[in-house]
């Protein structure tokens, strides 16, 4: 089973709306969101960004691979194809067909190395999908 890739119009190299979003979320949770979105931004030269559903999303060209969002007591670092990512540290949450996220709460230890590997894997995954055709999703 092959599915069409999700594509977003309007992704740009550096979106001023995301910088404004980060300023609006300047507290402790915003710092966490900014830290992890910066990791996404640095995945490669082809990374583009936009606000989608009110939160920063990172794309390879127009194909999204990750996002961050701030909630009342936590930050989600999410992945558009998270269900197909390797997750040996078992950080990913969610039961949807495609998307997964990692919840980060201030004052709670986060396996930063494993989360960084997830972000890098999400970028490599979307790059593979874009360059070589969309892969079959895990059942």
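The values are calculated or read from the model by the stated rules, or taken from the named source; none is laboratory data. Everything numeric in this text was worked out from a predicted model, so none of it was measured. Note that we place each Cβ from the backbone using ideal geometry, even for glycine, and neighbour counts take in every protein chain shown.
Just to be sure, is residue 125 part of a loop (DSSP other than H, G, I, E, B), at pLDDT 95 or above and in contact with a strand residue (DSSP E or B) (Cβ under 9 Å, 6 or more places away or on another chain)? In short, no. Taking the criterion of being part of a helix (DSSP H, G or I) and in contact with a strand residue (DSSP E or B) (Cβ under 6 Å, 6 or more places away or on another chain), the residues of region 1-18 that qualify are 17, 18.
Residues in region 19-35 that are assigned to a loop (DSSP other than H, G, I, E, B) and in contact with a helix residue (DSSP H, G or I) (Cβ under 8 Å, 6 or more places away or on another chain): 25 only. When each of 29, 85, 60 is tested for being farther than 27 Å from residue 131 by Cα and either buried (at least 17 other Cβ atoms within 10 Å of the Cβ) or within 12 Å of the chain's Cα centre (by Cα) (or both), the lone residue that passes is 29. Of all residues in region 42-56, those satisfying the criterion of being in contact with a strand residue (DSSP E or B) (Cβ under 9 Å, 6 or more places away or on another chain), more than 14 Å from residue 69 (Cβ to Cβ) and surrounded by fewer than 16 Cβ atoms within 10 Å (Cβ to Cβ) are 44, 46.
When the residues of region 102-122 are filtered to those that are touching a helix residue (DSSP H, G or I) at 6+ places or on another chain (Cβ under 7 Å) and outside any helix (DSSP H, G or I), the one that is farthest from residue 67 (Cα to Cα) is 106. One residue stands out in region 88-128 among those that are on the phi > 0 side of the Ramachandran plot and without any contact (Cβ under 8 Å) to a residue 12 or more places away in the chain: the one that is surrounded by the fewest Cβ atoms within 10 Å (Cβ to Cβ), namely 107.
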